[in-house]
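Report on the following structure.
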Amino acid sequence: IDEKIVEVLTQERPLNFTTSAMSWGIEHEYIANEKYKSMFDIQDSDIEYFGIENPKFFPCPKFPLNAGASPDALHGDWYVEYKCPYNSTVHLKNLTISRMKDGQLDAFKKQYKDYYPQIQYGMWCTSLKQARFVSFDPRFKDEFNKIAIIEIPLDEEFIKALLKKIEFAVDCLNDAIK
């Protein structure tokens, strides 16, 4: 909240820093998009890839001036979120979850307490009902293991609870800048 308050009061975005892990992810995200497209035989005209060079902001329908989401890509009715883990053991966990026959969504939610809300909120801001979490690691030798895809449906109950938290944050922001 503090960063958003400073942004509003100064009319400037806070300085960002980049870690080695973030640089790795940024460097490999485009390749992840290309791999995703080849897996599903997707033409360039059928996917909007935004990436770091061309981010697109989708304002929150309820709080358009204060919150929103920036997907990595939109593919038809799918919200797409790419992650290129710096640590290959993280990608291995994603592969394991993606290949589970039962309990995949619960395992994802347990593993990623930050990504799940991000993806749910992103779907809501883009009016989409399904997402694909795409994990990519080019260091895996077998092509089949380089990418893991986990499909996530929109969770209306989760969104209701999340919007209450966002409303509280927006109220705090508005109180702080009065």
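State all residues of the stretch 78-93 that are open to solvent by less than 70 Å² (accessible area, probe 1.4 Å) and either assigned to a loop (DSSP other than H, G, I, E, B) or closer than 18 Å to residue 153 by Cβ (or both); if no residue qualifies, say none.
78, 79, 80, 81, 84, 85
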Checklist entry - Which of the residues belonging to the stretch 94-103 are farther than 24 Å from residue 157 by Cα, more than 16 Å from the chain's Cα centre (by Cα) and assigned to a helix (DSSP H, G or I)? => result 95, 96
Item to check | residue 62 being of a type in the set (Lys, Arg) and open to solvent by less than 90 Å² (accessible area, probe 1.4 Å) | outcome: no
Checklist entry - Which one of 135, 88 is within 16 Å of residue 39 (Cα to Cα), touching a residue at least 24 places away in the same chain (Cβ under 8 Å) and among the polar types (S, T, N, Q)? => result 135
Checklist entry - Of the numbered conditions (1) over 15 Å from the mean Cα position of the chain (by Cα); (2) farther than 18 Å from residue 90 by Cα, residue 106 satisfies every one except a single condition; which is it? => result (2)
Checklist outcome for this item: Residue pairs within 8 Å by beta carbon, gap of at least six or interchain, first lying in the stretch 145-160 and in contact (Cβ under 8 Å) with a residue 60 or more places away in the chain, second assigned to a helix (DSSP H, G or I) and among the hydrophobic types (A, V, I, L, M, F, W, C), listed first then second, are 147/32; 147/39; 149/39
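Inside the stretch 142-161, can you point out the residues that are over 30 Å from residue 38 (Cβ atoms) and open to solvent by 30 Å² or more (accessible area, probe 1.4 Å)?
156, 157, 158, 160, 161
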Checklist entry - For residue 41, all conditions in the list (1) at pLDDT 95 or above; (2) part of a loop (DSSP other than H, G, I, E, B); (3) surrounded by 15 or more Cβ atoms within 10 Å (Cβ to Cβ) hold save one; what is the number of the exception? => result (3)
Next on the checklist: Kindly evaluate residue 41 against the criterion of being of a type in the set (D, E, K, R) and within 13 Å of the chain's Cα centre (by Cα).
Outcome noted: no
Next on the checklist: Looking at the stretch 105-116, I want the residues that are open to solvent by 30 Å² or more (accessible area, probe 1.4 Å) and have a partner that is part of a helix (DSSP H, G or I) and basic (Lys, Arg) with Cβ atoms under 8 Å, at least 6 apart or on another chain. Which pairs are those?
Outcome noted: 111/93
Checklist outcome for this item: Taking the stretch 79-106 and keeping residues within 21 Å of residue 53 (Cβ to Cβ) and out of contact with any helix residue (DSSP H, G or I) (no Cβ under 6 Å at 6 or more places or on another chain) leaves 80, 83
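The values are calculated or read from the model by the stated rules, or taken from the named source; none is laboratory data. Note that the structure is a prediction, hence the values are computed from the model and not measured. Glycine also receives a Cβ, built like all others from the backbone with ideal geometry; neighbour counts cover every protein chain displayed. The protein model used for the area step is the full one, side chains on, heavy atoms only, and it has no ligands, DNA or RNA in it. Shrake-Rupley method; radii C 1.70, N 1.55, O 1.52, S 1.80 Å.
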